Amino acid sequence: MSETKSAAGAQKRSLDNIVILMEAPPEVMAGIVEQCKWHQFGENDVVVESNDPSTDVYFVVCGRLRAMDFINEKEVALAEIGPGESFGELSAI
């Protein structure tokens, strides 16, 4: 995983627009926000390697990222993930 930069500054730290959390009660949301580790990644930074044993869930607050993998030795885009979306939920189970 690449080094992360401080997320302090322009972007408000809020999960209000994360789709899978929109129906969570306020007390549940407060607990989730308290457990979050906030990161800001730059262009072309690697968030998670394909063989990373992570059990983390990632919430995209702003910006976009692309899920990539290698198929037949070619780099292939699997998905585009943007604000309000998340990934890693299955590995957290």
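The values are calculated or read from the model by the stated rules, or taken from the named source; none is laboratory data. Quantities reported herein were computed from a predicted structural model and do not represent experimental measurements. So basically every Cβ, Gly included, is an ideal-geometry build from the backbone, and we count neighbours across all protein chains shown. Quick note on the areas: whole protein, heavy atoms, side chains included, nothing else; ligands and nucleic acids left out. Shrake-Rupley method; radii C 1.70, N 1.55, O 1.52, S 1.80 Å.
When only C-alpha pairs under 8 Å and at least 6 residues apart count, what is the relative contact order of the chain, in percent?
Relative contact order for the chain comes out at 32 percent.
Where only protein heavy atoms count, and the probe is 1.4 Å, what is the accessible area per residue for segment 27-70 in Å²?
77 Å²
Could you give me the percent of Cα pairs per 5 Å distance bin for the chain, shortest bin first, beginning at zero and ending with the bin that holds the maximum distance?
Result, from short to long distances: 2, 11, 20, 26, 20, 11, 5, 2, 1, 0 percent.
At a 1.4 Å probe radius, carbon and sulfur cover how many percent of the accessible area of the chain?
Ligands and nucleic acids excluded, carbon and sulfur give 51 percent.
What is the distance, in nm, between label points placed 7 Å from the Cα along the Cα-to-Cβ direction at Ser91 and at Val33?
If labels sit at Ser91 and Val33, their model points lie 2.7 nm apart.
Suppose R0 equals 22 Å. What FRET efficiency, 1/(1 + (r/R0)^6) with r the Cβ-Cβ distance, do Ser14 and Ile71 give to the nearest 0.05?
The calculated FRET efficiency here is 0.05.
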